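Down below is the structure, laid out as structure tokens.
The values are calculated or read from the model by the stated rules, or taken from the named source; none is laboratory data. Small disclaimer: the values here were computed from a predicted structure and weren't measured. So basically every Cβ, Gly included, is an ideal-geometry build from the backbone, and we count neighbours across all protein chains shown. Accessible surface areas use protein heavy atoms only, side chains included; no ligands, DNA or RNA. Shrake-Rupley method; radii C 1.70, N 1.55, O 1.52, S 1.80 Å.
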Amino acid sequence: MRFDILTLFPEMFQGFLGTSIIKRAQQQGIVETNLINFRDFATDKHHTVDDTPYGGGGGMVLKPEPLFRAVESLLEEGKEKPPILLMSPQGATLTQKKAEELAQHSHLILLCGHYEGYDERIRTHLVTEEISIGDYVLTGGELPAMIVVDSVSRLLPGVLGNDSSAVTDSFSTGLLEYPHYTRPADFEGLKVPDILLSGHHQNIETWRRQQALTRTWEKRPDLLETAPLTEEDRNFLQGLARKQRS
Ligand code: 4FV
């Protein structure tokens with residue numbers, strides 16, 4: 001997977017790209033990241049990337065030319081155009097499902113804005129879709145870009161030490177994740193559930209599924225409308241509802 005990230009502040013990515021799993025994924029050649037400072041594509045002598053808004057009003061707006069030129073420099077003749085993702089609060093909120101969709105591509109271009117926002121022609125004639133990480137406004141698109149890179153990269157085969165963990169994650173199963181425990185078995189009187197020490201793998205699997213169902217039912221019942229549920233799951237959930245009513 002190649003991530004081309006257009007930003008005015010490439011230095012913001014050093015910690016994220018130079019640490020732990022994302023760093024290792026690049027060393028393994030599974031992930032390639034290119035940081036492009038689109039100020040380099042501003043051709044006037046001051047390398048201007050933003051300007052005041054037509055029609056007045058406060059703040060500065062990112063000019064179209066530098067971004068159009070920067071994206072153009074990344075497209076390869078004869079190759080299918082990759083998704084060009086604009087990090088923006090107006091976009092569809094990033095979900096695990098969207099991360100899984102993006103992970104199917106081999107090349108993604110991410111645009112990180114700054115200031116008040118973008119010239120509308122960037123939105124309407126350059127990008128293929130807008131992605132938001134949530135309903136709040138940030139100073140720049142860099143953190144959203146890191147979140148997209150992180151959530152997509154961890155789904156790529158070989159990136160996580162134990163590939164299966166990406167499958168059982170919260171949201172990957174459509175449910176919230178079951179509780180995890182590790183040594184010690186007794187921490188200041190707080191004991192690990194006996195079932196996890198029993199060695200009965202089938203019973204452990206059942207317990208984990210029921211835990212995931214219970215915490216989803218309690219914290220995010222909306223997910224149960226779309227999560228793939230077995231008959232056994234539904235019966236278990238009906239039991240929870242009965243207990244709540246009694
Ligand atoms: C944002 C978000 C976000 C808005 C103006 C960058 C900022 C500035 N991006 N999810 N929430 N972006 O707030 O993706 O250009």
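Can you tell me which residue is least open to solvent (accessible area, probe 1.4 Å) among those in region 64-76 that are without any contact (Cβ under 8 Å) to a residue 60 or more places away in the chain and in contact with a Phe, Trp or Tyr (Cβ under 8 Å, 6 or more places away or on another chain)?
Restricting attention to region 64-76, the residues satisfying the condition of being without any contact (Cβ under 8 Å) to a residue 60 or more places away in the chain are 65-66, 68-69, 72-73, 75-76.
After this cut, where a residue has to be in contact with a Phe, Trp or Tyr (Cβ under 8 Å, 6 or more places away or on another chain) as well, the list is 65-66, 69, 73.
Working: GLU65: 74, PRO66: 3, ARG69: 95, SER73: 67 Å².
Among those that are without any contact (Cβ under 8 Å) to a residue 60 or more places away in the chain and in contact with a Phe, Trp or Tyr (Cβ under 8 Å, 6 or more places away or on another chain), it is PRO66.
Residues are listed down the side, and each one gets a yes or a no for (1) within 18 Å of ILE5 (Cα to Cα); (2) modelled with pLDDT of 95 or more; (3) assigned to a strand (DSSP E or B):
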site: GLU65; (1), (2), (3): yes, yes, no
site: PRO82; (1), (2), (3): yes, yes, no
site: LEU85; (1), (2), (3): yes, yes, yes
site: LYS97; (1), (2), (3): no, no, no
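Sort out which residues of region 102-124 are free of Cβ contacts under 8 Å to residues at least 60 places away in the same chain and within 20 Å of PRO64 (Cα to Cα), and write them in order of number.
So the first thing to find is which residues in region 102-124 are free of Cβ contacts under 8 Å to residues at least 60 places away in the same chain, and the list is 102, 104, 113, 117-121, 123-124.
GLY113, GLY117, TYR118, ASP119, GLU120, ARG121, ARG123, THR124, listed by residue number.
If a residue has to be modelled with pLDDT of 95 or more, small (Gly, Ala, Ser) and surrounded by 15 or more Cβ atoms within 10 Å (Cβ to Cβ) to count, how many in region 167-216 make the cut?
Qualifying residue count for the region: 1.
Please work out which one of (1) in contact (Cβ under 8 Å) with a residue 40 or more places away in the chain; (2) crowded, with 16+ Cβ neighbours inside 10 Å; (3) closer than 30 Å to LEU156 by Cβ is the condition VAL61 fails and give its number.
So the condition that VAL61 fails would be (3).
Looking at GLY113, GLY134, GLY161 in this structure, which one is at positive phi and not polar (S, T, N, Q)? Full working, then the answer.
Details: GLY113 fails: at positive phi; GLY161 fails: at positive phi.
Checking each option against the conditions leaves just GLY134.
Please go through region 18-34 and give me each residue that is in contact with a strand residue (DSSP E or B) (Cβ under 6 Å, 6 or more places away or on another chain) and open to solvent by less than 70 Å² (accessible area, probe 1.4 Å), ordered by number. First the steps, then the outcome.
Step one: list which residues in region 18-34 are in contact with a strand residue (DSSP E or B) (Cβ under 6 Å, 6 or more places away or on another chain), which gives 32-34.
The answer is THR33, ASN34.
Taking region 87-138 only, how many residues are within 14 Å of the chain's Cα centre (by Cα), open to solvent by less than 20 Å² (accessible area, probe 1.4 Å) and within 11 Å of the ligand (Cβ to nearest atom)?
7
Does region 140-154 contain at least one residue that is within 16 Å of the ligand (Cβ to nearest atom), open to solvent by less than 40 Å² (accessible area, probe 1.4 Å) and part of a loop (DSSP other than H, G, I, E, B)? Break it down stepwise before answering.
Of all residues in region 140-154, those within 16 Å of the ligand (Cβ to nearest atom) come to 140-152.
Filter again for open to solvent by less than 40 Å² (accessible area, probe 1.4 Å), leaving 140-142, 144-146, 148-149, 151-152.
Next, from what is left, pick out any that are part of a loop (DSSP other than H, G, I, E, B): 141.
Yes, there is a match, as at least one residue in region 140-154 is within 16 Å of the ligand (Cβ to nearest atom), open to solvent by less than 40 Å² (accessible area, probe 1.4 Å) and part of a loop (DSSP other than H, G, I, E, B).
Do we find that THR230 is more than 30 Å from ILE84 (Cβ to Cβ), β-branched (Val, Ile, Thr) and free of Cβ contacts under 8 Å to residues at least 12 places away in the same chain in this structure?
Working: more than 30 Å from ILE84 (Cβ to Cβ): yes; β-branched (Val, Ile, Thr): yes; free of Cβ contacts under 8 Å to residues at least 12 places away in the same chain: yes.
Taking the combined requirement at face value, the residue satisfies it.
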